[in-house]
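Taken together, the values in this text are just the output of simple stated rules run on the coordinates, not laboratory data. Quick caveat, the model's predicted, so the values are computed rather than measured. Cβ placement follows ideal geometry from the backbone for every residue including glycine, while neighbour counts extend to all protein chains displayed.
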There are 2 protein chains.
Amino acid sequence: MKVKVLRLGHRKKRDLRLTTHVCLTARALGANEAILSGEKDKSVMDSVKDVSKRWGGKFKISYEKNWKKTLKNYEVVHLTMYGEPVQNKINEIRKSKKDKLIVVGSEKVPKEIYNLADYNIAVTNQPHSEVAALSIFLHELFQGKELKNKFKNAEIKIKPKKQGKKVIRSGDTENIFKRIIKKFN
Amino acid sequence: MKVKVLRLGHRKKRDLRLTTHVCLTARALGANEAILSGEKDKSVMDSVKDVSKRWGGKFKISYEKNWKKTLKNYEVVHLTMYGEPVQNKINEIRKSKKDKLIVVGSEKVPKEIYNLADYNIAVTNQPHSEVAALSIFLHELFQGKELKNKFKNAEIKIKPKKQGKKVIRSGDTENIFKRIIKKFN
């Protein structure tokens, strides 16, 4: 099952950080691809590509002006505070095994999406954040397994620690140097 | 068990929207209070207060310049990509029943927090979003029950729908008018 995330109505500058968070969340929590619509924004695309390159995995990002084109061939799940509770619908959505397109809007969403979507799904019917809605949805869809995903060919990795930070860089010159010194001591 | 969320190092303007998303996510997903630290920012405080007033419930927001003061009397959980996997630690954290302070940083986090926290917890060791990390953490802490929370004394509510939008306003004049007309027809 492929899972793509469509970010509707991106506005340059204003949405820069939130759209970046949407895309990085999609990547970290197991989606395969993000598609941006709205204003074209090289800086979002570049920073997501940069993270994907350095942190590994196969996550893709693309831009599509005509967002309706992207709905074809997918089961479309529109995340909206007006929709049906995620906890009532997630089993049905997961079972279908169809490739999914998860749609998250920015502040204003074209009305048509409510009818074009196969599901309108709410993560609570309270106002909060498209990043939060996407997180909970992906976490429920993948049943927590996404937290253990491996990202292959990473240049940079973190070793989980109780305290402090431990970063491992592939070909890390400092570590190589230390190892050589150890060998000769 | 009380759950508060501390947003460290807020920067006015730059973090306006993300900090607002952090606070609204905290509210929607069952936390009792948000505490802001960093630059004082009336517009974030006001918009969160406004949502709480209109959408109901008892969520609070406050500002504290000296963030270290807020750690006292709480079990402190710092969300960081460098920490231990949430899935390995959440049962232990939930079991303790102690009041929690969940700390989410902005771009730069004071080093001390890694030692002052009882737990440094990672929602994946990948770069993504403090809003995503907070969402998954709260969802795991409350085991999904938070999605069914009721917000009392709301002026505005949503009736979940398969398609479209249905908003209910308490004392909504249009609806009252319709009911009166119906009665006399």
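Looking across segment B:69-85, the residues that are in a helix (DSSP H, G or I) and touching a residue at least 12 places away in the same chain (Cβ under 8 Å) come down to B:THR70, B:LEU71.
Being more than 7 Å from chain A (Cβ to nearest Cβ), of a type in the set (Val, Ile, Thr) and part of a strand (DSSP E or B), is that true of even one residue in segment B:108-120?
Among the residues of segment B:108-120, not one is more than 7 Å from chain A (Cβ to nearest Cβ), of a type in the set (Val, Ile, Thr) and part of a strand (DSSP E or B), which makes the answer no.
Restricting segment B:96-115 to residues that are under 10 Å from B:GLU75 (Cα atoms) and not charged (D, E, K, R) leaves a set whose member that is surrounded by the most Cβ atoms within 10 Å (Cβ to Cβ) is B:ILE102.
Listed by first and then second residue, the pairs with beta-carbon distance under 9 Å, at least 6 apart or on different chains, first residue in segment B:120-136 and over 17 Å from A:GLY57 (Cβ atoms), second surrounded by fewer than 24 Cβ atoms within 10 Å (Cβ to Cβ) and basic (Lys, Arg), are B:ASN120/A:LYS161; B:ASN120/A:LYS162; B:ILE121/B:LYS89.
Every residue in segment B:77-96 that is closer than 19 Å to B:ALA34 by Cα and away from chain A (no Cβ under 12 Å), please.
B:VAL77, B:LEU79
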